[in-house]
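*Asks:* Starting off with a structure, shown below.
The values are calculated or read from the model by the stated rules, or taken from the named source; none is laboratory data. For clarity, every value in this text was computed on a predicted model and none was experimentally measured. Every residue, glycine among them, receives a Cβ derived from its backbone with ideal geometry; neighbour counts consider all protein chains shown.
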Amino acid sequence: MSKNGVLAKEPVSDGAVDYQRLIQLFECPVCHEYMRPPIHQCKKGHVICQKCRPKVKGICPLCKQLVANQTNLMMEKISTLIKFPCVYAPKGCDELVPLREKSHHETTCARRPVHCEYARRGCGALLPLRDMTGHVRQCHFRPA
Ligand SMILES: [Zn+2]
Ligand SMILES: [Zn+2]
Ligand SMILES: [Zn+2]
Ligand SMILES: [Zn+2]
């Protein structure tokens, strides 16, 4: 399995599934975010996320065929069975989470960037949550 620096953990079962390639199938060709149901498809079966469907005006960006009116049931089903990388994976989070827990994880993720609590006093610091406690203690904008 290739290490691209994003996923540190070895996910799923021992070589039964090529996780990296499986997860790529869920990447929307327009916004490159992972798709979640409803997952739309063109007549040829290329998929596109709900958010991007209006942007392409009914034409598949890959093959220029019409985007069908149905969603891709199989992709939708598989998406509920696998775990996805956290949106903060590029910031170092190596959690893999099922779709139903993804939003919850991402609102509590330790790598989630947060503003300093003294932002209103002029502090521009935006740091991962887990580093913020340390920053706040020494923040220049902290009242004496
Ligand atoms: Zn998209
Ligand atoms: Zn297509
Ligand atoms: Zn995370
Ligand atoms: Zn600060």
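*Asks:* Give Gln41, Gln70 a once-over and let me know the one that is of a type in the set (S, T, N, Q) and surrounded by 13 or more Cβ atoms within 10 Å (Cβ to Cβ). First the steps, then the outcome.
*Replies:* Values: Gln70 fails: surrounded by 13 or more Cβ atoms within 10 Å (Cβ to Cβ).
Checking each option against the conditions leaves just Gln41.
*Asks:* Another question, then. Which of the numbered conditions does Phe84 fail, given that it passes all the others? Conditions: (1) part of a helix (DSSP H, G or I); (2) under 14 Å from the mean Cα position of the chain (by Cα).
*Replies:* Unmet condition: (1).
*Asks:* Now for a separate question. Every residue in the range 35-51 that is farther than 14 Å from Ile78 by Cβ and either in contact (Cβ under 8 Å) with a residue 40 or more places away in the chain or in a strand (DSSP E or B) (or both), please.
*Replies:* Within the range 35-51, His40, Cys42, Ile48, Cys49 meet the criteria.
*Asks:* Okay, next question. Give the residue, chosen from Pro54, Pro90, that is within 16 Å of ligand 3 (Cβ to nearest atom), at pLDDT below 95 and exposed (fewer than 12 other Cβ atoms within 10 Å of the Cβ). Walk me through it before giving the result.
*Replies:* On the way: Pro54 fails: within 16 Å of ligand 3 (Cβ to nearest atom).
Among Pro54, Pro90, only Pro90 is within 16 Å of ligand 3 (Cβ to nearest atom), at pLDDT below 95 and exposed (fewer than 12 other Cβ atoms within 10 Å of the Cβ).
*Asks:* In addition: Return yes or no: is Pro38 farther than 30 Å from Arg130 by Cβ, modelled with pLDDT under 95 and within 16 Å of ligand 1 (Cβ to nearest atom)?
*Replies:* Details: farther than 30 Å from Arg130 by Cβ: yes; modelled with pLDDT under 95: no; within 16 Å of ligand 1 (Cβ to nearest atom): yes.
Criteria not met by Pro38.
*Asks:* Exactly one of (1) of a type in the set (Asp, Glu); (2) within 14 Å of ligand 4 (Cβ to nearest atom); (3) in contact with a His (Cβ under 9 Å, 6 or more places away or on another chain) is unmet by Glu95. Its number?
*Replies:* Looking at each condition in turn, Glu95 falls short on (2).
*Asks:* Against the definition (within 16 Å of ligand 3 (Cβ to nearest atom) and closer than 19 Å to Gln20 by Cβ), how does Leu99 come out, yes or no?
*Replies:* Yes: the conditions hold for Leu99.
*Asks:* If a residue has to be under 12 Å from Pro29 (Cβ atoms) and more than 13 Å from ligand 1 (Cβ to nearest atom) to count, how many in the range 42-62 make the cut? If you could, list the steps in order and put the result at the bottom.
*Replies:* Here is the first cut: in the range 42-62, the residues under 12 Å from Pro29 (Cβ atoms) are 42, 46-49, 52-53, 55-56, 60-62.
Those still in the list that are more than 13 Å from ligand 1 (Cβ to nearest atom) too: 42.
Matching residues across the range 42-62 total 1.
*Asks:* Hey, another quick one. Across the range 63-79, which residue is farthest from Gln24 (Cα to Cα) among those that are part of a loop (DSSP other than H, G, I, E, B) and at pLDDT 95 or above? Give the derivation first.
*Replies:* Of all residues in the range 63-79, those part of a loop (DSSP other than H, G, I, E, B) come to 63-65, 72.
From what's left, at pLDDT 95 or above: 63-64, 72.
On the way: Cys63: 18, Lys64: 21, Asn72: 16 Å.
For the range 63-79, the residue satisfying everything is Lys64.
*Asks:* Does any residue in the range 96-110 that is within 16 Å of Arg36 (Cβ to Cβ) come within less than 7 Å, Cβ to Cβ, of a residue that is surrounded by fewer than 16 Cβ atoms within 10 Å (Cβ to Cβ) six or more places away or on a different chain, and which pairs are these?
*Replies:* Every condition considered, the pairs that remain are Leu96/Lys9; Leu99/Thr80.
*Asks:* Let me ask something else. Which residues, taken from the range 77-114, are among the basic types (Lys, Arg) and within 16 Å of ligand 1 (Cβ to nearest atom)?
*Replies:* Within the range 77-114, Lys102 is the sole residue that qualifies.
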